[in-house]
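Q: Structure incoming, see below.
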Amino acid sequence: MNKQFFHQELKKIADPVRAKSAKRYLKSPYKFYGVPTPDRRKIFNSFFKENKDKTKADWIKLSKECWQDDYHNLKTLTISILKKINNDLTPKDLPYIEKLLSESINWDHVDEICVHLVGPVLLNYPETKKILKKWNTHSLFWLRRASLLPQLYLMRKGKEDISLLVQNIKPLLNEDKWFNSKEDKARLIHTSLPMQKFFIRKAIGWVLRELSRFKPQETVKIANQFKPKLSGLSYREATRNLPDKYKKLLI
């Protein structure tokens, strides 16, 4: 079981025009095959069915092979592999997951890792939520984003931690403190400072918008509490889907 199977299958349906467009859209330094997501999923699902007798260790090993590849598509498959075994992930796997986050250079990988890999671990092992506090003050802005997004998974399971969410939003509002990271500047030359700020502001709005689906009154409370410091983007996203009766409670 190795990554060459994926290269062989992806090459068969590669689309150079689509690959160029995807590379430009994601601003990725990696190579692309230009394969639509449904086709990529079909390739992986077929592979998974043929190898369903493999162990967790086998899948972890394959995921590491794919992550080291110089094709964006293979890095994406890393996450697909781990998603298939996400209920078997434990606190011992968090260092590996954190490594993936710290080496990610695109929102598409970061967001998938947060929701579908970190989220299940936090749900199954609530004591691991403390890792979000660690990421919340990390010098790398993708990890600061990752201190919020796993809560999306918890919210959808009715297990959100609102106290922790508030604790982690508050420091991120002090943008002058965070967006001078030498690590960001050195590693993320393709992600400008305005875009880094955008991704954090969007994450704040996104988690609050999701919270409004389940606990609109809590969303109003948080939006009112942080309104003086919330960016316009964060505030609009947070309050966009609130029912009218709750919008009237906004200050």
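Just so it is clear, none of the values below were taken in a lab; they were calculated from the coordinates. Quantities reported herein were computed from a predicted structural model and do not represent experimental measurements. Here the Cβ positions follow ideal geometry from the backbone for every residue, glycine too, while neighbour counts run over all protein chains shown.
Q: Between ARG18 and THR55, what length in nm is gained on full extension when 0.36 nm per residue of separation is reduced by their alpha carbon distance? Intermediate values should be presented prior to the final figure.
A: Values: separation 37, 0.36 × 37 = 13.32 nm, distance 3.48 nm.
Contour length minus the Cα-Cα distance gives 9.8 nm.
Q: Another question about this same structure. So what is the 222 nm mean residue ellipticity for the chain from helices alone, if each DSSP H run of at least 4 adds -39500 (n - 2.57) and you divide by all residues, rounding to the nearest 500 deg cm²/dmol? It would help to have the intermediate numbers written out before the result.
A: Numbers: 18 runs with 168 residues, N = 251.
Taking each H run of at least 4 residues, the total per residue is -19000 deg cm²/dmol.
Q: A further question follows. If you rank VAL118, VAL17, VAL35 by fewest surrounding Cβ atoms within 10 Å, what's the result? Don't jump to the answer; show the numbers that get you there.
A: Working: VAL118 30, VAL17 8, VAL35 23.
Listing VAL118, VAL17, VAL35 from fewest to most nearby Cβ atoms yields VAL17, VAL35, VAL118.
Q: Can you tell me the length gained on complete extension of the stretch ASN241 to GLU103, counting 0.36 nm per residue apart and subtracting the Cα distance? Numbers along the way, then the final one.
A: Numbers: separation 138, 0.36 × 138 = 49.68 nm, distance 3.34 nm.
Between ASN241 and GLU103, full extension yields 46.3 nm more.
Q: So between LYS64 and LYS27, what do we pick up on full extension, going 0.36 nm a residue minus the alpha carbon distance? It would help to have the intermediate numbers written out before the result.
A: On the way: separation 37, 0.36 × 37 = 13.32 nm, distance 2.28 nm.
The span from LYS64 to LYS27 would gain 11.0 nm if fully extended.
Q: Another question, then. Give the cross-link partners of LYS134 among the aspartates and glutamates, using a straight C-alpha distance below 12 Å as the criterion and excluding same-chain residues fewer than 8 apart.
A: Straight-distance partners of LYS134: GLU98.
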